[in-house]
Amino acid sequence: FGLLADADRSARGYSKGMLRRVVLAQAFLRPRRVLLLDEPTSGLDALGLLIWQELLDEESARGTAIVTSSHWSSEALETCERALVLEEGAVRCAARTEELFADPAVHELAVRGLSENDLAALRGEIAARGGELVRDAPRRRGLREVLRELVRR
């Protein structure tokens, strides 16, 4: 969890993010088949978030079932295969995360390798067929991808 350099310091001097990493590290002290965590990323700093997401991947690959709560759809999309939506303690919906957050009225196309002229022609074709180009911008990367790139520099 990236705390080794501060192992000689008292935890009283740790930031909120570092303290959160200590708590999460405790959850990984021994192997488990199921790991239940409530808002595990709350208060995590950027490095802690990257470490957390990589540990989730490793634990999942080992066969550990990880159940976590979150109020953030972006976090659920990056880390969860399935999601439950609870309202007043009752399950309102259970679905694969990608299905739950999908908007069937909008399709996103990711295009690589076209010239600006070809992209302009594609935009024109969409309009000519009665479609509306909802978003035309470079692909938005997830936080995990950005953090991995920054940490590797």
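The values are calculated or read from the model by the stated rules, or taken from the named source; none is laboratory data. The structure displayed is predicted, hence computed values, not measured ones. Reconstructed Cβ throughout: ideal geometry from the backbone, glycine too, with neighbour counts over all protein chains shown. Areas reflect the complete protein model, heavy atoms only, side chains present, ligands, DNA and RNA absent. Shrake-Rupley method; radii C 1.70, N 1.55, O 1.52, S 1.80 Å.
So which residues in the range 27-43 are surrounded by 10 or more Cβ atoms within 10 Å (Cβ to Cβ) and farther than 13 Å from Thr64 by Cβ? Break it down stepwise before answering.
Start the filter on the range 27-43 by keeping residues that are surrounded by 10 or more Cβ atoms within 10 Å (Cβ to Cβ), which leaves 27-28, 31-32, 35-37, 39-43.
Residues satisfying the conditions are Glu39, Pro40, Thr41, Ser42, Gly43.
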Out of contact with any helix residue (DSSP H, G or I) (no Cβ under 6 Å at 6 or more places or on another chain) and either over 26 Å from Arg135 (Cα atoms) or open to solvent by 50 Å² or more (accessible area, probe 1.4 Å) (or both), is that true of Ala5?
-> yes
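Sort out which residues of the range 40-72 are among the acidic types (Asp, Glu) and under 13 Å from the mean Cα position of the chain (by Cα), and write them in order of number.
Across the range 40-72, the qualifying residues are Glu54, Asp57.
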Taking Ala46 as the residue in question, decide whether it is of a type outside the set (Val, Ile, Thr) and within 27 Å of Glu149 (Cα to Cα).
-> yes
Which residues, taken from the range 113-153, are over 27 Å from Ala76 (Cβ atoms) and either under 21 Å from the mean Cα position of the chain (by Cα) or not in a helix (DSSP H, G or I) (or both)?
-> Gly113, Leu114, Ser115, Arg129, Gly130, Gly131, Glu132, Leu133, Arg153
Which members of the range 77-90 meet the condition of being open to solvent by 90 Å² or more (accessible area, probe 1.4 Å) and without any contact (Cβ under 8 Å) to a residue 12 or more places away in the chain?
-> Leu84, Leu86, Glu87, Glu88
Name the single residue, out of those in the range 58-76 being open to solvent by less than 70 Å² (accessible area, probe 1.4 Å) and assigned to a helix (DSSP H, G or I), that is farthest from Leu36 (Cα to Cα).
-> Ser73
If you go through the range 46-56 one residue at a time, do you hit one that is open to solvent by 60 Å² or more (accessible area, probe 1.4 Å) and in contact with a strand residue (DSSP E or B) (Cβ under 6 Å, 6 or more places away or on another chain)?
-> no
